[in-house]
There are 2 protein chains.
Amino acid sequence: MTIADRKAREKEALRMLILNGAKKLFIEKGIEQITIRNIADEIDYSVGTVYVYFKDKNAILHDLHSIGFQELGGYFQELFSIEDPLDRLKKMGITYMKFALENQEMYDLMFNVKAPMESIESSEKEDWNEGTNAFGALKNTVAQCMENGHFSGHSLEPLSFIIWSLVHGMCCLEIRNRTKGVKFDNPDTILYDGYKEFLKILEKL
Amino acid sequence: MTIADRKAREKEALRMLILNGAKKLFIEKGIEQITIRNIADEIDYSVGTVYVYFKDKNAILHDLHSIGFQELGGYFQELFSIEDPLDRLKKMGITYMKFALENQEMYDLMFNVKAPMESIESSEKEDWNEGTNAFGALKNTVAQCMENGHFSGHSLEPLSFIIWSLVHGMCCLEIRNRTKGVKFDNPDTILYDGYKEFLKILEKL
DNA sequence: TCAAAAAAATGAACGTTGTTCAAAAAATAA
DNA sequence: TTATTTTTTGAACAACGTTCATTTTTTTGA
C-alpha cells in the first residue's frame, strides 16, 4: 500500500518534471522550437520515458495549456476585491491583456494553437472546460453589470462574447505580428489606445 | 530578345503553377498537411525545382497569403457601391466574416500563421503592405462615418483598430476551435449573434 | 539473502520533414 | 555539329514524432 502510494507520487513527480521541463523550453525558445528530444535532454531522461507519461506531443501541449489557465486564474485573483462589477469588468480586460502580453507563448497555446484542442477531441474528454470556465467568469461580471442597470437593450451572452473577441483580437494581432507590420500612427501604444477607446464605448452602453 | 521574353514568361508560368498547386493542396488538406514533396508531386516536378523558384517554404506561404488578400479584395468589391459610410461599415464586417468563414485556411494564413510575416522579416521587404492596405480601407470608411457626424468623441485609428480586433477575434476563436468547445447557449449562431450585438453598439456611438 | 517476477527506462530504428547541391538533361549559341 | 548555358533532378543530410524489443531497476516471496 505505501509502496503503491510512493510509486504513484513518483509517477506524478516525473510527470510534472516533464511538464516543467517542457514549459521552460517553451518559454525560452517558443513553441515552434519544442521537441520531445529537447524535453528529454532537459530533464535527463530518454525520449521513450516521455512517451510512457504522455500519449503524444499534443497531450503535453494540452497539459501545458491547462497550466496556462491556472496561471491566468492567478492574474484574475486581484479582481475579486473589486466590488463594482463595471469597474471589475474594465480591470478584467486590462488584466487579460497583461497576461497575454507577459506570457505570449502561453497565451498563444491557450487560445490559438490547435494542438490542445486536438488533444481534447481525440480523448474521451467532454468539452473545453478551461475555456468555458474563463468565459463564465467574464459572463458573470457582465451579468452583474446588467443587474446594476448597465448595457440595457443588450443580450448577456453575445455581448460577453464580443467583449472577449475584442480583447482577444487585439492580443492575437499583436502576438502573431500583425500590428508591427501595419503602419499605425502610434504602433507602440495601439493596444493601449484601442482599449481606452473600448472603455469610452463601455461608458455609453 | 524574344527568347529571353519567352523564358521570362515560362518562369512566371511555372511559378504560378507551383503556387496554384500549393493552394489546391492547401485548401483541400489544410496548412498542416502541406509539404514541398506534396506540391512537387501535384505539379509533376521535382522538389529541387520548387527550391529554384522559392527560397523556402515560408516564401511559398507568403505568396499564398498575398493571393489571399487579392481574394479578400474581390469580396470587398460589392462594398464600393454603398454610398452611406455607416451602412458600408456595417456591411464590411459581414463581408469580412463571410470571407473568413468561407476561406478558413486562407484567412488563417493571412492573419494568424507566423510564416508569411517571417518571410517579410527575412527579406528586404518593407512592411506588411497587404495588412496596411486592408486596414486602410477600414480606416477610410470609419473616417467618412466621422465626417458624417458619427462616433463623436472617438479617435479614428484606435476605433478602427478595435473594430478590426472585434471581428478578427470572433473569426479567430471560431477558426481555431475555441467556440465549439465553450458551452454557449446558441453555439451555432454565436458569431452572428455577436455581430448583431456589435451593430447595436455602433448605433449608439 | 537471493532468485524470480514485475515495473520502469532505454535508445536504435522507421517513416517523415525541409533543404542542399553535385550531377544529368535540355535548351541555346556559335 | 559542338560548345556553352540554363534548367531540372533526386540522392543525401540532419532533425522530427513515434514505436517497441531490449535492458536496467525495483519489488516480491522463500
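The values are calculated or read from the model by the stated rules, or taken from the named source; none is laboratory data. The structure presented is a predicted model; accordingly, all values stated were derived computationally and were not measured. Every residue, glycine among them, receives a Cβ derived from its backbone with ideal geometry; neighbour counts consider all protein chains shown. For accessibility, only protein heavy atoms count, side chains too; no ligands or nucleic acids. Shrake-Rupley method; radii C 1.70, N 1.55, O 1.52, S 1.80 Å.
The lone criterion from (1) in contact with a Leu (Cβ under 6 Å, 6 or more places away or on another chain); (2) at positive phi left unmet by B:GLY149 is number (1). Within segment B:127-153, the residues that satisfy the criterion of being more than 19 Å from the chain's Cα centre (by Cα) and open to solvent by 20 Å² or more (accessible area, probe 1.4 Å) are B:ALA143, B:GLN144, B:MET146, B:GLU147, B:ASN148, B:GLY149, B:HIS150, B:SER152, B:GLY153. Exactly one residue out of B:SER123, B:SER119 is small (Gly, Ala, Ser), more than 29 Å from A:LEU199 (Cα to Cα), at pLDDT below 95 and surrounded by 20 or more Cβ atoms within 10 Å (Cβ to Cβ), and it is B:SER119. Cβ-Cβ contacts under 7 Å between residues 6 or more apart (or on different chains), taken from a first residue in segment B:141-170 that is without any contact (Cβ under 8 Å) to a residue 60 or more places away in the chain and more than 9 Å from chain A (Cβ to nearest Cβ) to a second residue that is part of a helix (DSSP H, G or I) and among the polar types (S, T, N, Q), are listed as B:VAL142/B:SER160.
Test A:PHE99 against the stated conditions and say whether it is in contact (Cβ under 8 Å) with a residue 24 or more places away in the chain and either hydrophobic (A, V, I, L, M, F, W, C) or touching a His at 6+ places or on another chain (Cβ under 6 Å) (or both). Yes, satisfied.
The set of residues from segment A:181-205 being surrounded by 18 or more Cβ atoms within 10 Å (Cβ to Cβ) and either within 14 Å of B:LYS139 (Cβ to Cβ) or within 22 Å of the chain's Cα centre (by Cα) (or both) comprises A:VAL182, A:PHE184, A:ILE190, A:LEU191, A:ASP193, A:GLY194, A:TYR195, A:GLU197, A:PHE198. Considering segment B:15-24, the residues that are of a type in the set (A, V, I, L, M) and open to solvent by 20 Å² or more (accessible area, probe 1.4 Å) include one that is nearest to DNA strand D (Cβ to nearest atom), namely B:LEU17.
Yes/no per residue for (1) in contact with a Pro (Cβ under 6 Å, 6 or more places away or on another chain); (2) among the charged types (D, E, K, R); (3) within 12 Å of chain A (Cβ to nearest Cβ):
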| position | (1), (2), (3) |
| --- | --- |
| B:PRO85 | no, no, no |
| B:LYS91 | no, yes, no |
| B:MET97 | no, no, yes |
| B:GLU102 | no, yes, no |
| B:LEU109 | no, no, yes |
| B:ASN112 | no, no, yes |
| B:SER119 | no, no, yes |
| B:GLU124 | no, yes, no |
| B:GLY136 | no, no, yes |
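Inspect segment B:39-46 for any residue being among the charged types (D, E, K, R), within 11 Å of DNA strand C (Cβ to nearest atom), farther than 24 Å from A:GLU32 by Cβ and outside the structural domain of B:MET106 (by TED's automatic domain parsing) and give the result as yes or no. Looking for residues that are among the charged types (D, E, K, R), within 11 Å of DNA strand C (Cβ to nearest atom), farther than 24 Å from A:GLU32 by Cβ and outside the structural domain of B:MET106 (by TED's automatic domain parsing), one finds at least one in segment B:39-46, hence yes. Do any residues in segment A:28-49 that are closer than 17 Å to A:LEU64 by Cβ and near DNA strand D (Cβ under 8 Å from one of its atoms) have Cβ atoms under 8 Å from those of residues that are open to solvent by 100 Å² or more (accessible area, probe 1.4 Å) and at pLDDT 95 or above, where the two are at least six apart or on different chains, and which pairs are they? From segment A:28-49, the pairs are A:ILE36/A:TYR51. Where residues in segment B:9-49 are under 19 Å from the mean Cα position of the chain (by Cα) and β-branched (Val, Ile, Thr), which of them is nearest to B:LEU101 (Cα to Cα)? Checked segment B:9-49; the qualifying residue nearest to B:LEU101 (Cα to Cα) is B:ILE27. Residues that are hydrophobic (A, V, I, L, M, F, W, C) and within 16 Å of DNA strand C (Cβ to nearest atom) were ranked within segment B:49-88; the one that is most open to solvent (accessible area, probe 1.4 Å) is B:VAL52.
B:ILE39 meets all of the listed conditions (1) open to solvent by 100 Å² or more (accessible area, probe 1.4 Å); (2) within 30 Å of B:ARG176 (Cα to Cα) but one, namely (1).
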